[in-house]
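Here the structure comes first, spelled out in structure tokens, and everything after it is commentary.
The values are calculated or read from the model by the stated rules, or taken from the named source; none is laboratory data. All of these numbers come straight from a predicted model, not from anything done at the bench. Every residue, glycine among them, receives a Cβ derived from its backbone with ideal geometry; neighbour counts consider all protein chains shown.
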Amino acid sequence: MDKGLKKTILNISAIGLLFFALWLFDRYGTEYHVRILNNIAVFIILAVSYNLVNGICGVLHLGPNAFITIGAYTSALLTMSPAEKKISFIIEPLIWPLSVIQVPFWMSLIIAGLVSTVFAFLISYPVFRVRGDYLAIVTLGFGEVVRVLCNALQGVTNGPLGLKGLKPYTNLWWSWAIAVITIVVIQRLINSSWGRAMKAIREDEIAAKAMGIDPFRHLLMAFLINAFFSGVAGGLLAHLITTISPTLFTFFLTFNLLMIIVVGGLGSTTGAVIGATLFAWGSEALRIVESPMQIGSLYIPGIPGMRMVIFSVILMVVIIFARKGIMGQREFSWDWVFAKIKRKHT
């Protein structure tokens with residue numbers, strides 16, 4: 001059998017097993033388990049697309065929370081009925097035509113991604129005129145501008161009150177189907193000539209430019225793709241938690257994504273998936289450290305935010321002792337699996 005065909009069959013089989021496992025959880029799992037799996041899928045979408053800019057292109061982008069915010073509000077406003085919008089916007093009515101528009105969930109996700117992409121395109125020219133720390137500051141500033149505008153624009157976002165009572169459209173099939181699509185699309189891009197050019201820019205932008213590669217064009221593509229999938233993930237997140245407000249989309253969301261791709265391995269899609277899984281699962285597992293505990297005669301009060309302290313310590317340990325993260329820039333491959341199996345049987 002042809003090697004490429006064999007890998008294709010294995011990939012399809014792996015995806016089939018994944019969705020069979022999701023079916024089992026959907027049918028027999030608890031609501032808590034389903035919630036964790038949805039969180040994992042959303043963070044995989046965010047981490048894999050974010051890694052395209054930071055890991056593959058080598059650009060320090062600190063504004064993904066802006067595109068997640070835009071996507072979340074866009075999808076939420078488009079799926080709410082006119083009656084629900086009228087009830088929610090009690091201080092100032094929602095502007096027309098948003099006040100009368102209602103579309104299906106799948107369409108709202110696509111529009112959320114496209115709107116986020118448009119905003120990314122509008123800021124791309126000032127963003128990519130600078131590099132390094134300056135680029136990080138510009139994107140960080142954009143994230144804060146979007147958050148402040150969400151607080152101020154009562155007639156669009158409902159201000160600090162946010163949007164409540166959203167329909168819980170996000171389920172295992174939506175979240176994981178989009179997660180798989182994100183991985184496939186971005187991995188195929190990375191393995192293409194565009195991806196190799198992005199890696200060349202990461203290693204030495206001047207040398208890449210001398211070889212005929214247009215840095216702006218390739219960085220813009222990565223930036224727009226990241227914005228699109230971040231917007232879609234924002235829509236999924238909004239209909240998963242069913243309540244959104246500006247306080248949900250602070251810089252801490254960006255910090256979490258940065259921590260995920262650094263721990264997983266900058267430049268590795270596999271590492272981003274592993275990091276997102278560990279983060280989403282660990283966030284729930286470490287809730288215990290924020291709850292009061294009684295160990296014998298010793299009483300330990302709950303400390304809010306202790307989970308982030310532990311995650312920060314883990315990040316520092318990884319940076320000190322494993323600077324390339326779990327995967328470094330390596331990727332999972334079936335060749336590695338076959339080699340391991342062959343070595344075991346010899």
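Only residues that are in a loop (DSSP other than H, G, I, E, B), aliphatic (A, V, I, L, M) and over 24 Å from Pro82 (Cβ atoms) were counted in region 162-196, giving 0.
Pairing each residue of region 202-225 that is part of a helix (DSSP H, G or I) with any residue that is among the hydroxyl-bearing types (Ser, Thr, Tyr), provided the two are 6+ apart or on different chains, yields C-beta distances under 7 Å for Leu220/Ser124; Phe223/Ser124; Leu224/Thr117; Ile225/Ser49.
Screening region 116-151 for residues that are in contact with a helix residue (DSSP H, G or I) (Cβ under 7 Å, 6 or more places away or on another chain) and among the small types (Gly, Ala, Ser) and picking the one that is nearest to Phe252 (Cα to Cα) gives Gly143. Checking each residue in region 288-330 for being among the aromatic types (Phe, Trp, Tyr) and either farther than 13 Å from Val262 by Cβ or loosely packed, with under 11 Cβ neighbours inside 10 Å (or both) picks out Tyr299, Phe321.
Kindly provide the set of residues from region 120-167 that are surrounded by fewer than 20 Cβ atoms within 10 Å (Cβ to Cβ), aromatic (Phe, Trp, Tyr) and either closer than 29 Å to Ile36 by Cβ or modelled with pLDDT of 90 or more (or both), ordered by number. Listed by number, the list holds a single entry, Phe121.
Thr170 - would you say it is within 30 Å of Ile241 (Cβ to Cβ), in contact with a Gly (Cβ under 9 Å, 6 or more places away or on another chain) and buried (at least 19 other Cβ atoms within 10 Å of the Cβ)?
Spelling it out, Thr170 is indeed within 30 Å of Ile241 (Cβ to Cβ), in contact with a Gly (Cβ under 9 Å, 6 or more places away or on another chain) and buried (at least 19 other Cβ atoms within 10 Å of the Cβ).
A quick yes/no check of all residues on (1) closer than 30 Å to Lys324 by Cα; (2) charged (D, E, K, R); (3) in contact (Cβ under 8 Å) with a residue 40 or more places away in the chain; (4) not in a helix (DSSP H, G or I):
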{"position": "Gly4", "(1), (2), (3), (4)": "yes, no, no, no"}
{"position": "Gly16", "(1), (2), (3), (4)": "no, no, no, no"}
{"position": "Asn38", "(1), (2), (3), (4)": "yes, no, yes, no"}
{"position": "Val48", "(1), (2), (3), (4)": "yes, no, yes, no"}
{"position": "Val53", "(1), (2), (3), (4)": "yes, no, yes, no"}
{"position": "Phe67", "(1), (2), (3), (4)": "yes, no, yes, no"}
{"position": "Glu92", "(1), (2), (3), (4)": "no, yes, yes, yes"}
{"position": "Leu109", "(1), (2), (3), (4)": "no, no, yes, no"}
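Checking the stated criteria, Ala177 turns out to be surrounded by fewer than 16 Cβ atoms within 10 Å (Cβ to Cβ) and out of contact with any strand residue (DSSP E or B) (no Cβ under 6 Å at 6 or more places or on another chain).
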